[in-house]
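Please read the structure below before turning to the comments.
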Amino acid sequence: AKEAGKGTFRFFTEELHKELMEKTFFEMELRQALEKGQFLLHYQPQFDLTTGEIKGMEALARWNHPDRGFIPPLKFIPIAEENGFILPLGEWVLRTACTQAKAWQEQGFPPLRMSVNVSMRQFNLPSFVEDVRRILSETGLHPSHLNLEITESMMSDVKRCETVLQELYEAGITVSIDDFGTGYSSLLYLSKFPLSHLKIDQAFISELSKSNTAIVKAIIDLAKNLELNVIAEGVETEQQGNFLQQLGCNEVQGYLYSKPLPEKEIEQSLFHTV
Ligand code: C2E
Ligand code: CA
Ligand code: CA
Ligand code: CA
């Protein structure tokens with residue numbers, strides 16, 4: 001028994017060691033990926049549900065790993081948030097998305113709202129609003145064309161959140177609440193904060209069954225009463241789209257309409273006919 005215990009212990013430490021090495025290596029690769037130009041953005045359009053008109057798009061980070069191909073954000077964003085790499089990465093995402101939006105406008109495409117995901121670490125930086133404003137002025141994108149997506153968890157520090165949102169509002173930048181319904185935001189603050197859009201989390205949309213209908217309807221009604229626009233995410237079926245329209249949802253985003261696409265494909269599929 002003593003031997004086995006020892007063996008198990010050694011097995012554990014070897015396993016842990018291996019895991020740690022892999023994680024360290026992954027983090028090192030992650031840091032270098034930015035310098036090596038391995039990140040890119042895909043863009044997923046958001047459509048007006050009544051007119052079918054494109055209203056905006058969400059920039060989504062992609063890591064094109066030389067050996068492993070595309071690594072999904074859910075694999076590297078959490079690690080980047082943990083080790084702080086999200087700060088340089090987030091700044092790169094913001095700058096790249098603004099540069100792209102500006103370039104499309106200069107090519108004569110209709111101006112759209114460019115939505116960028118913001119992480120907690122970025123949001124909590126004392127220089128956050130200043131950084132965003134600097135990037136806007138460096139890229140020449142008008143603040144009204146930038147939208148920042150924050151999550152309910154960032155609203156837990158109410159004072160900080162209120163200050164930042166007020167400053168963004170004064171700078172002319174709109175802010176959406178992402179993944180709405182999965183966090184714990186107080187409805188009281190929702191009405192106090194200057195917000196533009198509320199994005200219903202795709203979990204509610206993918207299971208738009210009887211029990212969820214009431215919730216989705218309640219979220220849409222709530223948003224309307226607060227004079228916020230509602231975007232439903234993760235819309236995959238015609239049925240979901242029709243249903244959302246009946247419920248009075250303003251905008252939709254999802255595979256039914258378009259997957260997130262690289263810039264060239266966005267230009268071909270969305271702007272070609274303009
Ligand atoms: P999110 O912000 O909720 O983004 C929506 C996710 O849903 C995207 O996943 C998108 O590709 C996916 N999606 C869109 N339509 C559909 C659909 O019809 N069905 C299904 N099943 N999925 C759909 P993606 O690109 O893998 O990104 C995952 C998450 O990673 C994002 O969730 C966001 O939280 C984070 N993320 C991505 N890019 C960035 C970034 O630049 N900065 C930060 N901080 N987070 C990012
Ligand atoms: Ca988002
Ligand atoms: Ca979301
Ligand atoms: Ca999500």
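Do we find that residue 76 is hydrophobic (A, V, I, L, M, F, W, C), touching a strand residue (DSSP E or B) at 6+ places or on another chain (Cβ under 9 Å) and either open to solvent by less than 70 Å² (accessible area, probe 1.4 Å) or in a helix (DSSP H, G or I) (or both) in this structure?
On the way: hydrophobic (A, V, I, L, M, F, W, C): yes; touching a strand residue (DSSP E or B) at 6+ places or on another chain (Cβ under 9 Å): yes; either open to solvent by less than 70 Å² (accessible area, probe 1.4 Å) or in a helix (DSSP H, G or I) (or both): yes.
Against the criterion (hydrophobic (A, V, I, L, M, F, W, C), touching a strand residue (DSSP E or B) at 6+ places or on another chain (Cβ under 9 Å) and either open to solvent by less than 70 Å² (accessible area, probe 1.4 Å) or in a helix (DSSP H, G or I) (or both)), residue 76 qualifies.
Of a type outside the set (A, V, I, L, M, F, W, C), within 16 Å of ligand 1 (Cβ to nearest atom) and either more than 19 Å from residue 115 (Cα to Cα) or surrounded by 14 or more Cβ atoms within 10 Å (Cβ to Cβ) (or both): is that true of residue 213 in this structure?
So residue 213 fails the test.
Return the residue satisfying two criteria in turn: it lies in region 195-210 and is under 29 Å from residue 162 (Cβ atoms), within 12 Å of ligand 3 (Cβ to nearest atom) and aliphatic (A, V, I, L, M), and of such residues it is surrounded by the fewest Cβ atoms within 10 Å (Cβ to Cβ).
Filtering region 195-210 for residues under 29 Å from residue 162 (Cβ atoms) gives 195-204.
From what's left, within 12 Å of ligand 3 (Cβ to nearest atom): 197-204.
The next check asks that each one be aliphatic (A, V, I, L, M); those that pass are 198, 200, 203.
On the way: 198: 24, 200: 27, 203: 13.
Checked region 195-210; the qualifying residue surrounded by the fewest Cβ atoms within 10 Å (Cβ to Cβ) is 203.
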If I filter region 88-102 for residues that are out of contact with any Gly (no Cβ under 6 Å at 6 or more places or on another chain), among the charged types (D, E, K, R), on the phi < 0 side of the Ramachandran plot and open to solvent by less than 70 Å² (accessible area, probe 1.4 Å), do I get at least one hit?
yes
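If the requirement is being open to solvent by 30 Å² or more (accessible area, probe 1.4 Å) and on the phi < 0 side of the Ramachandran plot, which of these qualifies: 148, 141, 125?
Working: 148 fails: open to solvent by 30 Å² or more (accessible area, probe 1.4 Å); 141 fails: open to solvent by 30 Å² or more (accessible area, probe 1.4 Å).
Just one listed residue meets the conditions, 125.
Is there a residue in region 186-194 that is within 16 Å of ligand 1 (Cβ to nearest atom), touching a residue at least 12 places away in the same chain (Cβ under 8 Å) and either in a strand (DSSP E or B) or surrounded by fewer than 17 Cβ atoms within 10 Å (Cβ to Cβ) (or both)? If you could, list the steps in order and put the result at the bottom.
Filtering region 186-194 for residues within 16 Å of ligand 1 (Cβ to nearest atom) gives none.
Checking region 186-194: not a single residue is within 16 Å of ligand 1 (Cβ to nearest atom), touching a residue at least 12 places away in the same chain (Cβ under 8 Å) and either in a strand (DSSP E or B) or surrounded by fewer than 17 Cβ atoms within 10 Å (Cβ to Cβ) (or both).
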Is it fair to say residue 93 is in contact with a helix residue (DSSP H, G or I) (Cβ under 9 Å, 6 or more places away or on another chain) and β-branched (Val, Ile, Thr)?
no
Within region 150-164, of all residues that are assigned to a helix (DSSP H, G or I) and over 15 Å from residue 125 (Cβ atoms), the one farthest from the chain's Cα centre (by Cα) is 159
Quick one: would you say residue 93 is over 22 Å from residue 32 (Cα atoms), among the aliphatic types (A, V, I, L, M) and in contact with a strand residue (DSSP E or B) (Cβ under 9 Å, 6 or more places away or on another chain)?
no
Looking only at region 223-256, which residues are more than 16 Å from ligand 3 (Cβ to nearest atom) and under 20 Å from residue 186 (Cα atoms)?
224, 225, 226, 227
Starting from residues that are open to solvent by less than 30 Å² (accessible area, probe 1.4 Å), in contact (Cβ under 8 Å) with a residue 60 or more places away in the chain and in a helix (DSSP H, G or I), keep the ones in region 229-272 and report whichever is farthest from residue 180 (Cα to Cα).
271
Would you be able to tell me the number of residues in region 103-117 that are surrounded by 18 or more Cβ atoms within 10 Å (Cβ to Cβ) and in a helix (DSSP H, G or I)?
1
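The values are calculated or read from the model by the stated rules, or taken from the named source; none is laboratory data. Just so it is clear, the model here is predicted, and its values are computed rather than measured. Note that each Cβ is placed from the backbone with ideal geometry, even for glycine, and that neighbours are counted across all protein chains shown. Areas reflect the complete protein model, heavy atoms only, side chains present, ligands, DNA and RNA absent. Shrake-Rupley method; radii C 1.70, N 1.55, O 1.52, S 1.80 Å.
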